[in-house]
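Structure, as structure tokens:
The values are calculated or read from the model by the stated rules, or taken from the named source; none is laboratory data. Computed from a predicted structure; not experimentally measured. Glycine gets a Cβ as well: all are built from the backbone with ideal geometry, and neighbour counts include every protein chain shown. Quick note on the areas: whole protein, heavy atoms, side chains included, nothing else; ligands and nucleic acids left out. Shrake-Rupley method; radii C 1.70, N 1.55, O 1.52, S 1.80 Å.
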Amino acid sequence: MLEDATAEMQQLAGEIKQCTRCRLHETRTQSVPGEGPADARLLFVGEGPGYHEDKQGRPFVGAAGRFLEELLASIGMSRADVFITNVVKSRPPQNRDPLPDEIAACRPWLNRQLEIIKPAVVVTLGRFSMERFIPGVTITRVHGQERRVGDLLVFPMFHPAAALHQPKYRSLIEQDMLKIPGILAGLQPVEPADPPKALPQQPSLF
Ligand code: URA
């Protein structure tokens, strides 16, 4: 039930807002649990909140977020259609990379989000998010190729901020995004065949 999942997600967001599991809570303005429908088919997982996300309490609201919105529009979607979150829910100071113990401390939050949303596809944005699901690979080799990881279908993409810093990534990210509708379409459950029609009852003549 969507109402139950939404309520569970609100409860979870409240817990994440209070989180003190790692040092990042000491320097953040607020944590950023993520947002979107609790029954989204696509879950986008970025790296961690930046300056604007930390101030607003919402994921991907800065320049990388605007590019992510453009990418979503390219496949006929908007933010409202997908769930967007991060590997770490609190901003690393000066936007440094999240540290392994911070990612580990945040792991249970993302696990619970996965359990509630049960997304058809987890789209990882950037190296840290990819490593959280597919350890030991390099993003340049595996981006744009979906793979099963346990119960999940994971689709690694470069981080949208990479396109802002290095234009050569822009078309790679755009091309990868365009594969997503095909992946979702391939997952559509096959309509069950019509059940055999009951034979019309013959009025008994005897
Ligand atoms: N970059 C991220 O990885 N996450 C955000 O929420 C914003 C920028």
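Where does the charge balance sit around Leu164 when Lys and Arg score +1, Asp and Glu -1, over other residues with C-beta under 11 Å from its C-beta? Cβ neighbours under 11 Å give a net charge of +2. Normalising the Debye intensity of the stretch 99-189 to I(0), with uniform scatterers on Cα atoms only, and taking log10 at q = 0.11, 0.22, 0.25 Å⁻¹ returns -0.33, -1.19, -1.35. Relative to the longest principal Cα axis of the chain, at what angle does helix 63-74 sit, 0 to 90 degrees, rounded to 10? For 63-74 against the chain, the angle is about 20 degrees.
When the helix-only estimate is applied to the chain (DSSP H runs of n ≥ 4, each -39,500 (n - 2.57), divided by the residue count), what is the mean residue ellipticity at 222 nm, nearest 500 deg cm²/dmol? Don't skip to the answer; put the middle values down first.
On the way: 10 runs with 90 residues, N = 206.
Calculated at 222 nm, the ellipticity per residue is -12500 deg cm²/dmol.
Counting lysine pairs in the chain that sit 8 or more residues apart in sequence, or on different chains, and whose Cα atoms lie under 20 Å apart gives 5. Accessible surface calculations at 1.4 Å, restricted to protein heavy atoms, place the chain at 55 Å² per residue. Over the C-alpha trace of the chain, radius of gyration and Dmax come out as 20.4, 89 angstrom. Here the chain has 54 percent of its accessible surface on carbon and sulfur atoms, given a 1.4 Å probe and all protein chains in place. What does the C-alpha gyration tensor say about the overall shape of the stretch 38-88? Classify as rounded when a/c is under 1.5, otherwise prolate if a/b is larger than b/c, or oblate. Oblate, because a/c is 1.5 or more while a/b does not exceed b/c.
DSSP beta bridges in the chain, what fraction antiparallel, as a percent rounded to 5? Numbers along the way, then the final one.
Working: 4 of 16 bridges.
Roughly 25 percent of the DSSP beta bridges within the chain come out antiparallel.
A cut-off of 5 Å between modelled amide H atoms, ignoring neighbours fewer than 5 places along the same chain, links Asn86 with Gly46.
Here the label points at Val149 and Gln166, each 7 Å from Cα along the C-beta direction, are separated by 2.1 nm in the simple model. A cut-off under 14 angstrom between Cβ atoms defines the neighbours of Pro49, and their net charge, with Lys, Arg +1 and Asp, Glu -1, is +1. For Val123, the residues whose amide H sits under 5 Å from its own are Leu43, Phe44, Val45, Phe155, ignoring neighbours fewer than 5 places away on the same chain, with H placed 1.01 Å from N. Report note on the peptides 13-21, 93-101: ranked by the mean count of other C-beta atoms within 10 Å, highest first, their order is 13-21, 93-101. Measuring r between the beta carbons of Arg66 and Asp39 and using R0 = 22 Å, the FRET efficiency lands at 0.30.
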